[in-house]
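One structure is given below, encoded as structure tokens.
The values are calculated or read from the model by the stated rules, or taken from the named source; none is laboratory data. What you see is a predicted model; the values in this text were computed from it and never measured. Note that we place each Cβ from the backbone using ideal geometry, even for glycine, and neighbour counts take in every protein chain shown. Ligands, DNA and RNA are excluded from the accessible area calculation, which covers all protein heavy atoms including side chains. Shrake-Rupley method; radii C 1.70, N 1.55, O 1.52, S 1.80 Å.
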Amino acid sequence: MTFVEYVQRVRLQKAERLLRETDDPVGKIALDVGFGSGNYFTTEFGKLYHTTPQKYRKGQDT
């Protein structure tokens, strides 16, 4: 794993935690963890978690 891949994973793991623990909008979470674009964040989140941030959050409600 490269350094860039490591940093990306840490950012996405923090975003995953924020999706579980807060009601902040996905766009705000994306910015909070260092993504400049919500679309790019959603794409990268999907690569790691195989779902969108919105669907991930809804799945945590059950």
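In the list (i) 11.6; (ii) 12.7; (iii) 12.0, the label attached to Kirkwood radius over Cα pairs in Å as derived from the coordinates here is (i).
Averaged per residue, the chain has 68 square angstrom of accessible surface, using a 1.4 angstrom probe with ligands and nucleic acids left out.
So what's the angle, to the nearest 10 degrees on a 0 to 90 scale, between helix 3-21 and the longest Cα principal axis of the chain? For 3-21 against the chain, the angle is about 10 degrees. Label reach from residue 58 (point 7 Å along Cα→C-beta): in region 1-26, amide nitrogens under 15 Å belong to 26. In order along region 48-59, phi translates into HN-Hα couplings of 8, 9, 6, 7, 7, x, 5, 5, 4, 4, 4, x Hz, rounded to whole numbers, per the Karplus curve 6.51 cos²θ - 1.76 cosθ + 1.60 with θ = phi - 60° and x for Gly and Pro. Whole-Hz Karplus values for region 36-47 come out as x, 10, x, 5, 5, 4, 4, 4, 5, 4, x, 5 Hz, taken residue by residue from phi with 6.51 cos²θ - 1.76 cosθ + 1.60 and θ = phi - 60°; glycine and proline positions read x.
Express the carbon and sulfur contribution to the solvent-accessible surface of the chain as a percent, rounded to the nearest whole number, probe 1.4 angstrom. Carbon with sulfur: 53 percent of the solvent-accessible area.
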